[in-house]
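In what follows, a single structure is set out as structure tokens and then discussed.
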Amino acid sequence: NAGVTQTPKFQVLKTGQSMTLQCAQDMNHEYMSWYRQDPGMGLRLIHYSVGAGITDQGEVPNGYNVSRSTTEDFPLRLLSAAPSQTSVYFCASSLGGNSYNEQFFGPGTRLTVL
Amino acid sequence: AQSVTQLGSHVSVSEGALVLLRCNYSSSVPPYLFWYVQYPNQGLQLLLKYTSAATLVKGINGFEAEFKKSETSFHLTKPSAHMSDAAEYFCAVSDRGSSYKLIFGSGTRPLVRP
């Protein structure tokens, strides 16, 4: 199993450009989440999905869109990039259900918006 | 809303000495609690978790943490620091039944001195 994969690893955008960060998992996990990591602030939840076709907002959703058409994929879209979106983005997945199941994290995408 | 506090972004420790990383949470109902480790330019890896079984939890790499409800704490310890422990450590919480929504502390990095 490849686990959770993210592409690209690095990206530089200009203000106003759009792009999609890709995330895929091959563990048949029901739950998937996107976080951003900023210095001194830990990770903050952007959006999450509890299954194909179901998404919801996390703590910092503004400026980002998501969709989940398949169990495996959970792309994150930046419609009009802003310098405040410069960050490291992590995708995570976990099994569904009521009991706790570990979140597995991808290697991250480092995004710079100029 | 849930919150997690990690006191001190850096902790200085001598090699072979006790490592203590502090974590306090705010919740009236005991949540699930976790410690993650992040090595440079990598994703997050689960060190250990508390999900209401034993209050003293042992994890990987010789780390352990104790859940203290009266103090709303979940401090991470390791009896003997090693140079390889140099990484960033994050405490996180989630509500029961919401494993896709982790709330992270700001992180603590032990500075291991030879």
**Request:** Check A:GLN6, A:GLN11 and return the single one that is surrounded by 14 or more Cβ atoms within 10 Å (Cβ to Cβ), part of a strand (DSSP E or B), more than 11 Å from the chain's Cα centre (by Cα) and touching a residue at least 40 places away in the same chain (Cβ under 8 Å).
**Result:** A:GLN11
**Request:** Output yes when any residue across segment B:39-52 is within 11 Å of chain A (Cβ to nearest Cβ), at pLDDT below 90 and out of contact with any Pro (no Cβ under 9 Å at 6 or more places or on another chain), and no when none is.
**Result:** yes
**Asked** Any residue at all in segment B:73-93 that is touching a strand residue (DSSP E or B) at 6+ places or on another chain (Cβ under 7 Å), polar (S, T, N, Q) and part of a strand (DSSP E or B)?
**Response** yes
**Prompt:** Restricting segment A:75-104 to residues that are assigned to a strand (DSSP E or B) and more than 16 Å from A:ASP38 (Cα to Cα), which is nearest to the other protein chains (Cβ to nearest Cβ)?
**Reply:** A:SER94
**Prompt:** touching a residue at least 60 places away in the same chain (Cβ under 8 Å), of a type outside the set (D, E, K, R) and over 27 Å from B:LEU47 (Cα atoms), is that true of A:VAL113?
**Reply:** yes
**Request:** Could you list, in sequence order, all residues of segment B:94-114 that are under 16 Å from B:SER9 (Cβ atoms) and in a strand (DSSP E or B)?
**Result:** B:PHE104, B:THR108, B:ARG109, B:PRO110, B:LEU111, B:VAL112
**Message:** Which residue is farthest from the chain's Cα centre (by Cα), if the candidates are limited to segment A:38-54 and must be farther than 23 Å from A:GLY97 by Cβ and surrounded by fewer than 21 Cβ atoms within 10 Å (Cβ to Cβ)?
**Reply:** A:GLY40
**Asked** Any residue at all in segment B:6-15 that is within 14 Å of chain A (Cβ to nearest Cβ), under 29 Å from A:ALA2 (Cβ atoms) and touching a Ser or Thr at 6+ places or on another chain (Cβ under 7 Å)?
**Response** no
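The values are calculated or read from the model by the stated rules, or taken from the named source; none is laboratory data. This structure is a prediction, so every number in the text was calculated from the model and none was measured. Note that we place each Cβ from the backbone using ideal geometry, even for glycine, and neighbour counts take in every protein chain shown.
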